[in-house]
Amino acid sequence: MYEIQHRIAGEAFTDPDGRTGPVFNPATGEQAGTVALAADATVDAAVASAKAAAPTWAATSLSRRTKLLFAFRNLVEKHTDDIAKVLTAEHGKTLDDSRGEIARGIENIEYATAITEHMKGEMSHDVSTGIDVHTIRRPLGVVAGITPFNFPAMVPLWMLPNAVATGNAFILKPSERDPSAGMLLAELFDEAGFPPGVLNVVNGDKVAVDRLLNHPDVDGISFVGSTPVAKYIHRTAIENGKRVQALGGAKNHMIVLPDADIDLAADAAVSAGYGSAGERCMAISVVVAVGSAADPLVDAIATRIPKIAVGPGDEPGTEMGPLITEQHRDRVAGYVEAGEEAGAEVVADGRDLVERPGYFMGPTLLDRVTPSMTVYQDEIFGPVLSVVRVDTYPEAMEILNSNPYANGTAIFTRDGGAARRFESEAQVGMVGINVPVPVPVGSHSFGGWKNSLFGDTHMYGPEGIRFYTRAKAVTTRWPDPADSAVDLGFPRNV
């Protein structure tokens, strides 16, 4: 059984309190290791390390930062399989899913390598006689990232590359449920040649989170997780004078119009609803079937579900792994039971797999779900796809735009005019047109609206650069050399 501690100033760090939590293999249900749960003193040590490193790192040239980021990117790519294996072992997703997650994280490192372009300021010459104004962007100082269990490699890489590229020192607090991927990334970061203290990792629970939120030397907080916790993170960080971006939960809708390619829509619903066992904030959890699309779409999804291979993520051929914990698996099953009791039709019942070893639940399809049901209202975060039937496009839009979450949405149609209208009318932060999971690439920013985002900026991309920096305006006036007492060699008429 392995033990995971912390990493501070480039070295392993043992927590003095000795408080630990279990790390399970969700495919077997057996405990695989323990993770240290940081005490306040450990968080303080990480913050002190970051604070000591920040001034020198902020003064490091952009070209030097770029070279180190390239080295880090290459090491992450080289060790993709190593990271994927520990990720799958602790999270449960398939190895292919894990590799894909790492590839999306690498995109963000690559975006950060262009920091010489991203940090350009603006210049106004002669705003008044002999006076110029220019702007520069400066790092915040010490920033922290609190990341979720469902993407233990990708989400840290949404934050870390831009944070350090802009000159900040970064503290990572990964999920205590699957901490090994974050620790491995930190080791590769140090191997790339970054100075000690630019990245520190503290493992832990709410004790560590609260200390980061309340520590006076932490200048900014990035968070991805559930909406209740995002609200808490946002409120507490703001009260302590910190800059904060907190991404919350989701209830992503996919609207299927009668003219849609039903096979394409069914394939998309299956991959977007059941991929990574539905443990994605961008998973499609509600299909809004409009008019005559409903019956053939439900039938097409139902015929695909038995073909999904459910099993341990490291077994060849597996397409969907287990859920992260037994408690979460039981919670998801409870939502299916509640939906059935409320009148939803259970077309495919994943609860059949609950009795097998590990935290498995099969793909589940509920038809004739209504917005009054808890299975519709709450973020389930599992392999449960709900079908809501409506007669018209306006009804579909009313359901979509009335939902308190506004992370991602998609429409499936062959009509360009309908798609263009949807793009404008959907009150959601990320929109897909015949694309079920519209996650932006690393050069665009990620984030929703309403109860899916708390704070002023989205994650990574251009808004990530703005989040981790502050603009400074500099106004200058210099005397004309002809009037200067310094002899610059200019010819003079005497």
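The values are calculated or read from the model by the stated rules, or taken from the named source; none is laboratory data. Predicted model, so just to flag it, every value in this text is computed and none were measured. Ideal geometry is used to build each Cβ from the backbone, glycine not excepted, and the neighbour counts take in all protein chains shown.
In segment 237-255, how many residues are in a helix (DSSP H, G or I) and either touching a residue at least 40 places away in the same chain (Cβ under 8 Å) or over 20 Å from the mean Cα position of the chain (by Cα) (or both)? Explain how you work it out, then say what you get.
Start the filter on segment 237-255 by keeping residues that are in a helix (DSSP H, G or I), which leaves 237-239.
Applying the additional criterion that residues be either touching a residue at least 40 places away in the same chain (Cβ under 8 Å) or over 20 Å from the mean Cα position of the chain (by Cα) (or both) yields 238-239.
Result for segment 237-255: 2.
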**Asked** If Asn203 passes every condition in (1) out of contact with any Leu (no Cβ under 6 Å at 6 or more places or on another chain); (2) buried (at least 24 other Cβ atoms within 10 Å of the Cβ); (3) touching a residue at least 60 places away in the same chain (Cβ under 8 Å); (4) not in a loop (DSSP other than H, G, I, E, B) but one, which one does it miss?
**Response** (4)
**Complete:** Conditions (1) free of Cβ contacts under 8 Å to residues at least 12 places away in the same chain; (2) part of a strand (DSSP E or B); (3) small (Gly, Ala, Ser) -> Gly100 fails only (2)
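A quick yes/no check of all residues on (1) without any contact (Cβ under 8 Å) to a residue 24 or more places away in the chain; (2) part of a helix (DSSP H, G or I); (3) of a type outside the set (A, V, I, L, M, F, W, C):
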position	(1), (2), (3)
Asp132	no, no, yes
Pro148	no, no, yes
Phe151	no, no, no
Val155	no, yes, no
Pro161	no, yes, yes
Phe170	no, no, no
Met183	no, yes, no
Leu188	no, yes, no
**Request:** Keeping to segment 427-445, report how many residues are within 20 Å of Val164 (Cα to Cα), surrounded by 18 or more Cβ atoms within 10 Å (Cβ to Cβ) and either among the aliphatic types (A, V, I, L, M) or modelled with pLDDT under 95 (or both).
**Result:** 1
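Answer yes or no as to whether Ile233 is modelled with pLDDT of 95 or more, in contact with a strand residue (DSSP E or B) (Cβ under 8 Å, 6 or more places away or on another chain), surrounded by fewer than 24 Cβ atoms within 10 Å (Cβ to Cβ) and in a helix (DSSP H, G or I).
Working: modelled with pLDDT of 95 or more: yes; in contact with a strand residue (DSSP E or B) (Cβ under 8 Å, 6 or more places away or on another chain): yes; surrounded by fewer than 24 Cβ atoms within 10 Å (Cβ to Cβ): no; in a helix (DSSP H, G or I): yes.
So Ile233 fails the test.
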**Qualifying positions in segment 395-431 - in a loop (DSSP other than H, G, I, E, B), of a type in the set (S, T, N, Q) and within 17 Å of Phe446 (Cβ to Cβ)** = Asn407
**Item:** Lone qualifier among Ala45, Ala32, Ala38 - being out of contact with any Pro (no Cβ under 9 Å at 6 or more places or on another chain), within 28 Å of Glu101 (Cβ to Cβ) and not aromatic (Phe, Trp, Tyr)
**Value:** Ala38
**Request:** Test Asp210 against the criterion of being among the acidic types (Asp, Glu), within 19 Å of Asp15 (Cβ to Cβ) and crowded, with 23+ Cβ neighbours inside 10 Å, and give yes or no.
**Result:** no
**Asked** more than 30 Å from Gly313 (Cα to Cα), crowded, with 19+ Cβ neighbours inside 10 Å and not basic (Lys, Arg) - does that describe any residue in segment 18-32?
**Response** no
**Message:** Just to be sure before I move on: is Asp178 more than 30 Å from Ser292 (Cα to Cα) and either in contact with a helix residue (DSSP H, G or I) (Cβ under 6 Å, 6 or more places away or on another chain) or surrounded by fewer than 24 Cβ atoms within 10 Å (Cβ to Cβ) (or both) in the structure I sent?
**Reply:** yes
**Message:** Looking at segment 1-47 only, could you name the residues that are under 21 Å from Ala144 (Cβ atoms) and part of a strand (DSSP E or B)?
**Reply:** Ile4, His6, Arg7, Ile8, Glu11, Ala12, Phe13, Gly21, Val35, Ala36
